[in-house]
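Before any comments, here is the structure.
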């Protein structure tokens with residue numbers, strides 16, 4: 001009898017261990033934008049949950065989508081922007097999230113809950129949000145800039161860095177012309193194309209870059225650079241003579257969400273990760289590190305007066321209202337592609 | 001008989017990582033977004049705007065190859081004509097820069113050439129006008145030559161090193177002056193090395209990307225950049241694959257042309 005009990009308890013202890021080992025075996029693959037998380041938060045997550053995280057990077061939504069669609073590698077948590085979330089939901093690529101398993105979801109500010117791109121947050125939880133605009137060097141350009149028109153002004157020829165991102169660049173041209181950033185109208189898109197081609201042919205732009213723009217702006221390599229608000233803040237922190245503008249014609253407001261691909265084998269742990277990122281202290285760490293707008297209400301409430309005065313960190317309500325989310329333009333995407341290649345190939 | 005199996009690991013490698021991906025590229029190149037057969041993407045190269053990119057790629061890579069030859073040949077000759085103890089000098093001179101990733105080297109080049117970079121800061125200190133390097137063809141060419149020069153020096157060096165010193169002595173004994181020795185004996189003997197050097201420089205040069213972006217802010221735009229753009233920014237892998245195939249055909253044709261002028265392969269000795 002005793003022997004059996006001993007055996008049983010031994011078995012129990014063993015199974016305990018094996019259970020433990022299993023939990024430790026889970027490795028989440030997190031697929032995020034380059035330089036878009038405080039690495040310390042990942043270590044915290046690993047320590048607190050015993051789940052190990054493999055962290056990999058992408059640089060554009062399209063690149064992320066291409067890799068996911070091609071089935072290259074399996075990912076458990078991804079960080080697409082809102083228009084990409086919309087497209088991936090349409091293509092049934094995202095798992096439905098169980099919000100009741102994520103108590104920290106309550107920390108998200110109300111204005112970002114239940115968004116048009118993902119009703120009821122069925123597939124995504126906001127991670128960061130921000131705007132598109134440009135920074136300019138106030139020593140090179142003493143006058144105050146408020147409009148997208150500066151990007152097409154021959155006065156600043158050869159000093160403007162544009163963004164090598166299809167939707168953003170065509171979108172800002174559309175916005176400058178008074179159209180929607182989500183237009184599917186060929187004539188409007190052609191007008192945007194003509195504007196960008198002319199800008200190129202008159203040598204007003206000094207190049208199309210992406211991640212490099214913020215460093216070039218800090219180094220004084222150009223007078224104006226189109227950037228996302230987070231990069232703007234990074235540049236301003238690096239060189240205070242830079243100023244961020246969300247142009248008066250309106251711009252793009254975007255949300256990068258956290259989602260779980262449908263074929264993830266660790267959906268529960270992935271949700272645990274998402275919930276962890278919504279914890280107030282973790283979100284504050286990420287805000288301090290990335291300097292994009294945090295969707296966590298308490299982080300926004302606790303901005304320092306200087307931070308609150310920065311349009312990149314804290315856009316005013318009027319400005320935010322003049323901005324548009326990107327929508328998935330579906331079949332009109334091929335129009336965008338043609339316009340984009342014509343702009344890139346123009347000489 | 002059994003020896004042919006020694007090549008099996010490499011054959012398997014080629015099959016998995018060269019042949020199979022190539023089939024995928026070919027499949028995407030001849031289909032449209034919905035999977036139907038289409039030649040639109042291959043013919044895209046003839047649409048306005050595309051051919052100039054191809055011609056620029058060819059032109060710049062020809063310049064690059066030529067400059068590499070002009071710098072690389074004398075360097076290789078100098079290195080081969082002297083006995084540097086166990087080639088240590090060669091390792092230091094040629095291989096040292098290759099220990100570092102080409103992207104890092106190009107980033108370094110970028111910070112040297114920028115408007116507020118090392119050279120322009122120096123010019124400013126000397127009271128001279130600043131020069132805009134970034135965005136010029138010269139800057140891109142410099143980056144290409146900088147990255148690909150070792151691929152020219154090494155094969156030429158190997159060819160010259162194999163040259164029998166007694167042949168040169170014989171030429172001299174028979175009354176050839178130094179110039180004649182070079183033009184009639186040394187250069188012809190080194191042609192196979194030059195051909196493989198030209199091939200090894202031209203191929204990476206014609207598919208250059210990233211170097212262009214870093215040294216021209218994307219204003220110089222070559223085939224490699226365009227293919228990358230289709231895959232990464234535009235998310236159109238059919239067009240990207242088709243242009244890759246065009247690129248591949250181009251490289252293949254130029255390799256065949258080079259084989260025709262190579263005495264080694266022409267006479268079936270290789």
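Table: residues versus (1) within 14 Å of another protein chain (Cβ to nearest Cβ); (2) surrounded by fewer than 16 Cβ atoms within 10 Å (Cβ to Cβ); (3) in contact with a helix residue (DSSP H, G or I) (Cβ under 7 Å, 6 or more places away or on another chain); (4) closer than 30 Å to residue A:98 by Cβ.
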residue	(1), (2), (3), (4)
A:268	no, yes, no, yes
A:273	no, no, yes, yes
A:282	no, no, yes, yes
A:286	no, no, yes, yes
A:300	no, no, no, yes
A:313	no, no, yes, no
A:323	no, no, no, no
A:329	yes, no, yes, no
A:332	yes, yes, no, no
- Task: Could you tell me which numbered condition residue A:342 fails, if it satisfies all but one of (1) surrounded by fewer than 20 Cβ atoms within 10 Å (Cβ to Cβ); (2) in contact (Cβ under 8 Å) with a residue 60 or more places away in the chain; (3) away from chain B (no Cβ under 14 Å); (4) assigned to a helix (DSSP H, G or I)?
- Result: (3)
- Message: Which numbered condition in (1) buried (at least 19 other Cβ atoms within 10 Å of the Cβ); (2) free of Cβ contacts under 8 Å to residues at least 60 places away in the same chain is the only one that residue A:97 fails?
- Response: (2)
- Of the residues that make up the stretch B:8-28, is at least one touching a strand residue (DSSP E or B) at 6+ places or on another chain (Cβ under 9 Å) and under 18 Å from residue B:245 (Cβ atoms)? no
- Item | Hits in the stretch B:196-214 (condition: buried (at least 22 other Cβ atoms within 10 Å of the Cβ) and either away from chain A (no Cβ under 14 Å) or more than 18 Å from residue B:138 (Cα to Cα) (or both)) | B:197, B:198, B:201, B:202, B:205, B:206, B:208
- Query: Among (1) within 14 Å of chain B (Cβ to nearest Cβ); (2) free of Cβ contacts under 8 Å to residues at least 60 places away in the same chain; (3) touching a strand residue (DSSP E or B) at 6+ places or on another chain (Cβ under 9 Å), which single condition is residue A:215 missing?
  - Reply: (3)
- Say whether the condition of being surrounded by 20 or more Cβ atoms within 10 Å (Cβ to Cβ) and part of a loop (DSSP other than H, G, I, E, B) is met by at least one residue in the stretch A:194-203. no
- When the stretch B:160-187 is examined, which residues are found to be assigned to a helix (DSSP H, G or I) and touching a residue at least 40 places away in the same chain (Cβ under 8 Å)? B:160, B:161, B:186
- Of the conditions (1) outside any loop (DSSP other than H, G, I, E, B); (2) out of contact with any helix residue (DSSP H, G or I) (no Cβ under 9 Å at 6 or more places or on another chain), the single one that residue A:257 does not satisfy is (2)
- Residue check, residue B:218 in contact with a strand residue (DSSP E or B) (Cβ under 7 Å, 6 or more places away or on another chain) and outside any helix (DSSP H, G or I): yes
- Condition check for residue A:32: modelled with pLDDT of 90 or more and either within 20 Å of the chain's Cα centre (by Cα) or crowded, with 19+ Cβ neighbours inside 10 Å (or both): yes
- Condition met for residue B:138 (within 16 Å of the chain's Cα centre (by Cα) and part of a helix (DSSP H, G or I)): no
- Filter result (within 8 Å of chain A (Cβ to nearest Cβ) and at negative phi) within the stretch B:215-229: B:216, B:219, B:221, B:226, B:229
- Go through the stretch A:64-97 residue by residue and tally those that are in contact with a helix residue (DSSP H, G or I) (Cβ under 9 Å, 6 or more places away or on another chain), under 15 Å from residue A:30 (Cα atoms) and part of a helix (DSSP H, G or I). 3
- Message: Restricting to the stretch A:58-85, name every residue that is buried (at least 18 other Cβ atoms within 10 Å of the Cβ), within 12 Å of chain B (Cβ to nearest Cβ) and more than 17 Å from residue A:325 (Cβ to Cβ).
- Response: A:58, A:60, A:62, A:64, A:65, A:66, A:68
- Only one of A:123, A:91 that is modelled with pLDDT of 95 or more and either closer than 19 Å to residue A:295 by Cα or within 14 Å of chain B (Cβ to nearest Cβ) (or both): A:123
- Task: Tally the residues that are assigned to a helix (DSSP H, G or I) and within 14 Å of chain A (Cβ to nearest Cβ), restricting the search to the stretch B:235-261.
- Result: 7
- Residues (closer than 30 Å to residue A:295 by Cα, away from chain B (no Cβ under 14 Å) and in contact with a helix residue (DSSP H, G or I) (Cβ under 6 Å, 6 or more places away or on another chain)) located in the stretch A:128-171: A:130, A:131, A:132, A:135, A:148
- In the stretch A:98-127, which residues are more than 30 Å from residue B:231 (Cα to Cα) and in a loop (DSSP other than H, G, I, E, B)? A:98, A:102, A:109, A:113, A:114
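The values are calculated or read from the model by the stated rules, or taken from the named source; none is laboratory data. Just so you know, these numbers come straight off a predicted model, no measurement behind them. Note that each Cβ is placed from the backbone with ideal geometry, even for glycine, and that neighbours are counted across all protein chains shown.
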